[in-house]
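**Student:** Below are the structure tokens for one structure; questions will follow.
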Amino acid sequence: MEKESAPLYECHVNTNEGTDTFVGIRSDGEQIKVCFPVGYNLGKTDDEQRNDIQLLIRVLTRFSGIKEKLLPQLLMNNPETVNFPIQAYMTILNEYYSRGYYTENEHVFTVNGNGPKHWPRTIKTQRAYPQDDSFVYLTTVAKESRVDTANYITKINEFCVDEAYKKVGFLFSTDKVRKPSILFDEKRFVMALKEKLRSENNDKNKALLSGMIDMVQYVGRKGKNARFFFGTNDFEYVWERLIDFNFGEDNKSFYFPRTSWYLGTEGKHTKSALEPDTIMKEEDKIFILDAKYYRYGDSKDPAELPRSTSINKQITYGEYVVTDPKFKDEKGQAPPVYNVFLMPFNKDGRVFPSKENMLHIGEARGDWKDSGAPYERVLGVLLDIKWMMARTVKHNKKDINQLARLVEDVIKKT
């Protein structure tokens with residue numbers, strides 16, 4: 001017998017240590033666990049945590065690549081685990097809470113009904129009586145629209161809403177949904193939904209029907225109580241994309257230092273270029289940003305800071321931009337160039353409490369470089385990870401200016 005209540009869920013902020021790296025939502029078939037990235041400031045109330053989970057889903061949906069979502073090792077260890085189509089579940093519940101169950105209207109013709117008169121049907125089926133030079137109808141046919149609650153698609157939608165509520169209903173409301181009135185039949189459900197989708201013109205209905213198809217196929221593959229996950233073990237890729245989305249230029253390949261082998265008679269063989277994570281520009285200044293999803297902002301342990309290879313790579317990027325002629329202006333002047341490591345932290349936490357979303361914590365230098373050029377000083381800056389995940393404007397001018405001012409002020413003062 002199925003449980004009546006929505007499954008319990010647990011929120012967890014991971015440490016990014018050992019096996020505690022998964023960010024996303026997963027279930028063992030009974031309990032749902034929602035895992036947030038290191039440094040995330042999790043809300044205290046149920047409503048706050050629901051907002052946190054919805055933010056996490058939006059970020060993972062937008063910035064997780066296929067490579068991260070698949071989690072091949074997790075799939076290998078748990079062959080019954082499947083990649084959960086969370087967007088389908090969210091779409092179905094969003095539509096349910098905004099419009100109710102999916103329904104279709106059927107047209108009913110009634111004699112002397114309350115709806116608008118339908119003259120073609122009246123003329124065809126009712127008797128006309130002569131009066132003076134015309135005819136009158138003592139009875140007319142009215143056309144009425146009624147909700148067809150017996151519609152098969154409506155019944156499938158009932159099943160889908162119930163299934164979605166059990167998995168992710170805690171994100172929306174505690175209101176119960178009604179039990180489905182039909183048993184699950186993947187083949188019939190998919191056939192009916194695809195046929196309806198082919199004739200549907202309404203965009204919202206098309207999105208709903210597509211989501212229902214995805215859900216039905218998922219349930220058909222693994223059953224309603226299957227283990228599922230939605231997320232990544234490699235959140236560092238998401239962190240990189242968040243940084244690049246918020247601060248970055250689109251043409252960053254222009255800033256890649258390139259190398260080649262020259263092999264005598266065999267000619268030139270080009271090797272892959274070094275690729276900085278993000279190039280940020282503010283006026284004529286260039287900032288080379290390296291997104292590091294490291295634990296330093298949560299631990300204050302220097303062992304959790306970027307290593308020599310990363311430091312030297314940043315200095316190389318800066319030197320390339322300063323020395324290559326293509327970056328110089330008409331007077332032969334190179335642009336000001338700065339290097340920055342960007343790492344996550346919780347501004348409301350105990351390790352680095354701050355009123356600011358951006359916090360300078362120090363800088364890295366190479367012992368082999370001491371010309372005094374700003375790019376030789378790779379600044380360490382912490383970004384509040386919850387604030388960063390909530391950024392929605394690409395190439396955010398306000399945030400770019402704030403980061404630029406922070407970096408320039410540090411360089412000038414020290």
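**Student:** How much of the DSSP beta bridge set in the chain is antiparallel, as a percent to the nearest 5? Display every interim value, and only then the final one.
**Tutor:** Numbers: 38 of 58 bridges.
Bridges in the chain that DSSP calls antiparallel: roughly 65 percent.
**Student:** Something else now. Using the 10 angstrom Cβ neighbour count as an exposure proxy, how do 191, 90 rank, fewest first? Mind dumping the intermediate values first?
**Tutor:** Values: 191 11, 90 20.
So the residues, fewest neighbours to most, are 191, 90.
**Student:** Taking 0.36 nm per intervening residue step and subtracting the Cα-Cα distance, what contour gain separates residue 187 from residue 411 on full extension? Walk me through the intermediate numbers first.
**Tutor:** Numbers: separation 224, 0.36 × 224 = 80.64 nm, distance 6.53 nm.
Full extension from residue 187 to residue 411 adds 74.1 nm.
**Student:** Please report 36, 235, 256, 245 as a ranked list, fewest other C-beta atoms within 10 angstrom at the top and most at the bottom. Could you put the intermediate results ahead of the total?
**Tutor:** Working: 36 23, 235 28, 256 14, 245 18.
By the 10 Å Cβ count, ascending, the order reads 256, 245, 36, 235.
**Student:** May I pose another question? Going by how many other beta carbons lie within 10 Å of each one, how would you line up 410, 238, fewest first? Kindly include the intermediate steps, with their values, before the conclusion.
**Tutor:** On the way: 410 18, 238 24.
In order of increasing Cβ crowding within 10 Å: 410, 238.
**Student:** Quick one: angle between helix 203-222 and the longest Cα principal axis of the chain, in degrees between 0 and 90, rounded to 10, please.
**Tutor:** Value to nearest ten degrees: 80.
**Student:** Under 18 Å Cα-Cα from residue 398, which aspartates and glutamates qualify once same-chain neighbours fewer than 8 residues away are excluded?
**Tutor:** Hits, sequence-local ones excluded: 244, 249, 250, 282, 283, 284, 356, 384, 408, 409.
**Student:** With each run of n ≥ 4 DSSP H residues scored as -39500 (n - 2.57), what mean residue ellipticity at 222 nm is computed for the chain after dividing by its residue count and rounding to the nearest 500 deg cm²/dmol? Don't skip to the answer; put the middle values down first.
**Tutor:** On the way: 13 runs with 156 residues, N = 414.
That comes out to -11500 deg cm²/dmol.
**Student:** Further question: Using a basic spin-label model with each label point 7 Å from the Cα along Cα→Cβ, how many nm lie between residue 253 and residue 42?
**Tutor:** Label at residue 253, label at residue 42, 4.2 nm between them.
**Student:** Specify the angular offset, from 0 to 90 degrees and rounded to the nearest 10, of the alpha carbon long axis of helix 308-323 from the longest principal axis of the alpha carbons in the chain.
**Tutor:** 80
**Student:** Among the listed pairs 33/292; 166/347; 347/413; 292/397, which have their C-alpha atoms separated by more than 29 angstrom in this model?
**Tutor:** On the way: 33/292 26 Å; 166/347 35 Å; 347/413 24 Å; 292/397 22 Å.
Violating the 29 Å Cα-Cα cut-off are 166/347.
**Student:** Roughly what % antiparallel, to the nearest 5, for the DSSP beta bridges in the range 236-413? Mind dumping the intermediate values first?
**Tutor:** Working: 16 of 29 bridges.
Roughly 55 percent of the DSSP beta bridges within the range 236-413 come out antiparallel.
We did not get these values from a lab; they are worked out from the coordinates using the rules stated. In this text, all values refer to a predicted model and were calculated from it rather than measured experimentally. Don't worry about glycine lacking a Cβ; one is built from the backbone with ideal geometry, like all the others, and counts go over all protein chains shown.
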